[in-house]
Structure formats: C-alpha cells, structure tokens
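Here is the structure we will look at, set down as structure tokens.
Just so you know, all these numbers are worked out from the coordinates, no wet-lab data involved. Everything numeric here is computed off the predicted structure, so don't read it as measured data. Virtual Cβ from ideal backbone geometry, glycine too; neighbours counted across all protein chains shown.
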C-alpha cells in the first residue's frame with residue numbers, strides 16, 4: 001500500500017495542473033479588469049485624437065484668417081502704391097505738357113536731339 005507521503009506529491013501535482021474554481025474565477029476577473037482597462041485606454045486615445053483634430057483645425061483656421069488679413073493688407077498697400085505712381089506720372093505728364101506749351105521750339109529741338117541720339121545708339 002501507498003503511504004501518505006507517497007500520495008502527497010501526486011496531490012500537489014494534480015492541484016497545480018488542474019486549477020480550482022477559485023483560481024479560474026480570479027483569472028476571469030483579472031481578464032475582465034484588463035479588458036475594461038484596454039477599453040478605457042481605447043476611449044482615451046480616441047478622445048485625444050479628436051482633441052488633436054479640433055486643435056489642428058482651429059489653428060489652421062486661425063492661420064488662414066491671419067494669412068487672409070495679411071493678403072488684404074498687402075493688396076491695399078499695393079493699390080496705394082499704384083495710385084501714388086499714377087499720380088506722380090500724371091504730375092510729370094502735366095509738367096511736360098506745360099513745358100511744351102511754354103517753350104514749343106525748345107521742346108521740339110530736345111525731342112529731335114533725343115531721337116537722333118537714340119538712332120545712333122541703336123545702329
């Protein structure tokens with residue numbers, strides 16, 4: 001017959017290979033806890049992604065607004081510079097017309113001289 005010491009090791013092997021209902025219940029609750037934590041993490045990641053999308057969208061909108069304001073300001077400056085150049089050209093034209101009216105012979109002689117010099121340069 002087998003003694004109690006011979007049977008004890010076989011019992012310990014049996015209990016380690018075949019866990020009892022308490023061990024299975026503990027493993028299931030740990031697994032459920034892990035699944036719940038993973039689900040929470042997934043929700044957090046989705047929330048972070050959504051927040052980042054909103055922030056980048058807002059920043060892009062802000063940058064676009066700033067760029068549009070700068071473009072409008074540059075257009076106004078350009079238009080102002082064009083108007084100034086047109087005014088100056090108009091003043092020079094008026095001065096030239098006044099000079100031609102005051103001194104027609106001098107103006108014609110000057111025009112002939114400039115034309116002659118340009119003709120010599122282009123040959």
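One table, with the values for the structure above:
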| read-out | value |
| --- | --- |
| Close pairs from region 38-60: first touching a residue at least 40 places away in the same chain (Cβ under 8 Å), partner part of a helix (DSSP H, G or I) and surrounded by 10 or more Cβ atoms within 10 Å (Cβ to Cβ), Cβ under 7 Å, at least 6 apart | none |
| Positions within region 76-123 being surrounded by 10 or more Cβ atoms within 10 Å (Cβ to Cβ) and in a loop (DSSP other than H, G, I, E, B), in sequence order | 103 |
